[in-house]
Amino acid sequence: MSKKVQAADKSPTSRRDFIRASSLLVAGSAVSSGLSVARSAQVQGTDLVKIGLVGCGRRGRAATVEALNTTSGPVQLVAMGDVFPDKTQGALRQVKGALKGVRRDQLDVPKERQFHGLDACSRVLDSDVDLVILATPPGFRPLHFEMAVEAGKHVFMEKPVAVD
């Protein structure tokens, strides 16, 4: 049998098949271990997810508003950081204005957790957040992503992840 015929006999696995199989494996592991999938997805046993924002420009504000307005569980923005202090203040005002009704209690960002300067990312990560939204220019993202992973934080980051 030629190599071409042997290669044609193998059916390639699609991305959809891979994701379906992986999801079933994860769900099966959670169920077999006695935990429900929802319970195993909790952040360190608490219901409240504390969010930190790094990069308070348009993308960061939009991602934060989306996270706060559309999440059904308890979430709260607790820390913000940007290189420029006016960006942090403006983003906080705009996020507050974009939140719907009772959701305004999801903002708990006092002055002591509004960081600015080149070390703003590390200070946000040190402020007891569970999830960090990285919305800085792409040149900074690899460094910030590495810092967040080393700090044990969950990360939301839009594309491009990095530039070379």
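Points worth noting:
- Distant-in-sequence amide H partners of Val75 (H built 1.01 Å from N, under 5 Å): Val49
- The range 104-164: GluC sites (Glu not before Pro) in DSSP coil with no more than 15 other Cβ atoms inside 10 Å: Glu158
- Contour minus Cα-Cα distance for Leu118 and Val155 (0.36 nm per residue): 11.4 nm
- Label-point gap, in nm, between Ala62 and Gln89 - each point 7 angstrom along Cα→Cβ: 2.6 nm
- Per residue accessible area of the range 78-164, 1.4 Å probe, in Å²: 59 Å²
- With only Cα atoms counted, the range 55-160 has Rg and Dmax values of 12.7, 37 Å.
The values are calculated or read from the model by the stated rules, or taken from the named source; none is laboratory data. Since the model is a prediction, treat every value here as computed from it, not as a measurement. Here the Cβ is made from the backbone with ideal geometry for all residues, glycine too, and neighbour counts use every protein chain on show. These area figures cover heavy atoms from the full protein model, side chains too; ligands, DNA and RNA do not enter into them. Shrake-Rupley method; radii C 1.70, N 1.55, O 1.52, S 1.80 Å.
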